Amino acid sequence: QQQQQQPTMGMGMGMGQQMQQMQQMQQQMGEMSMGQQMPQQQQQAPPPYQPPQEIKVPVVPRAKGGERPAPPSTPASQLPPFPDGLDLQGLGSGKKQDLSSLFKMSGQIMGAMKSHSNDPHLSKEDNAMALADKVNGATGAGNHEQQLLYAARLLARDFLPEGLAGIVITAPPAPGTLGAEYGLQPYDLVFEAEGEPYTTIEAFHSSRALAFSTKGKWEICVYSFRTQEYRDVVINMPPGKPNAILGIQASPVPPPTDEMLQAAQQAASNETYVRGWKKNGPMYVSAGTQYFPISNPRTPADNNVYVKVWKKVALGMVSTNEYFPLYSYNGDPGVFVKAWKMRGSAMISTNDYTPLPPR
């Protein structure tokens, strides 16, 4: 990737110049796609979060569809706090636009980037991953994830009805989104969708996409940790908008164990990912999840994922401006897709292409 020299951000620089500088910074990061949003920054990155103790979550059998286990006796007044929500908009605690915080955050990222130098003994991919680690540290995203994991373990141990599992909403839904319209709020545990229990964020979004595309509404079951009450919510698809977003931040409860996290991270680092789109009539639209493992679909809804393909010519790779199904392709084996690797919560472009395998 072509490197561009970044000027130092000063108080005399105009807002347009600062915005242009931020765009150049994103290009320099090698098409790094952050899997989560970046939080509002202070001048110094916060120290690594250290949980006060190790939380062991008991393993219990899952409740069957339709079951509503009794709440535990732990009072809701003792619920663990969630960390402040991640934000790319530079929003302050009062949810008012705060451009100064956005510029401070960009300064933190630029400082991390300028302090990074490529190791000539490493591949481009490994150097890009090292840069991603530095940027994650500068933004505090890693601290946020650790605090979420700790809170989720406390919820699972002390506040979760026996047998339930799902994803808990950790921040107020963004205004104007479906989550806000239908009253979803922090400490709501969505544990069942379309009559089926599930435990992953991917299955959660895939269930919504499939329900919207097939019947125009999505039925979910919610348990509130705050009120210790159950409720059913039916979310209607906005007319003509099958990809309307909920606008929520959420985390699985019970969370994965340390052993599961290590295994998942190892598997993810070995997997090749591609960027995918969902087909909507004659159009291809961005999916809720943008990157998909090339090996196998994670949920049935992933069978509607399409990828942009490339072909090899004498001068390199050229796009054919065609989209082929990722998991049901059975055509010419000589087509390629752009390859990505996962590093923590970031997707890193490998600057390489991998064959689209016929199934």
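Tabulated results
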| read-out | value |
| --- | --- |
| The lone exception for Pro255 - which of (1) in contact with a Phe, Trp or Tyr (Cβ under 6 Å, 6 or more places away or on another chain); (2) crowded, with 19+ Cβ neighbours inside 10 Å it fails | (1) |
| Complete set of residues in segment 326-359 that are assigned to a loop (DSSP other than H, G, I, E, B), open to solvent by less than 60 Å² (accessible area, probe 1.4 Å) and within 15 Å of Trp310 (Cβ to Cβ) | Leu326, Tyr329, Gly331, Gly334, Val335, Leu356, Pro357 |
| Among (1) on the phi > 0 side of the Ramachandran plot; (2) at pLDDT below 80, the one test that Asn321 misses | (2) |
| Residue in segment 182-200 that is assigned to a strand (DSSP E or B) and among the β-branched types (Val, Ile, Thr) present | yes |
| Some residue of segment 223-232 being closer than 26 Å to Asn280 by Cα and either part of a strand (DSSP E or B) or open to solvent by 50 Å² or more (accessible area, probe 1.4 Å) (or both) | no |
| Output for segment 341-357, where each listed residue is hydrophobic (A, V, I, L, M, F, W, C) and modelled with pLDDT under 80 | Met342, Ala346, Met347, Ile348 |
| Scope segment 184-213; condition over 21 Å from Ala151 (Cβ atoms), in contact with a strand residue (DSSP E or B) (Cβ under 7 Å, 6 or more places away or on another chain) and open to solvent by less than 50 Å² (accessible area, probe 1.4 Å); matching residues | Glu192, Ala193, Ser207, Arg208, Ala209, Ala211, Phe212 |
| Segment 196-208 residues that are closer than 17 Å to Pro242 by Cα, paired with ones that are among the charged types (D, E, K, R) and buried (at least 19 other Cβ atoms within 10 Å of the Cβ) (beta carbon under 8 Å, 6 or more apart) | Ser206/Asp302 |
| Any hit, segment 155-178, residues being in contact with a helix residue (DSSP H, G or I) (Cβ under 9 Å, 6 or more places away or on another chain), at pLDDT 90 or above, surrounded by fewer than 21 Cβ atoms within 10 Å (Cβ to Cβ) and assigned to a helix (DSSP H, G or I) | yes |
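The values are calculated or read from the model by the stated rules, or taken from the named source; none is laboratory data. Since we're looking at a predicted model, the values are computed, not measured. A quick note on method: Cβ atoms are made from the backbone with ideal geometry, for glycine too, and the neighbour counts reach across all protein chains shown. What goes into the accessible areas is simple: the full protein's heavy atoms, side chains included, and nothing from ligands, DNA or RNA. Shrake-Rupley method; radii C 1.70, N 1.55, O 1.52, S 1.80 Å.
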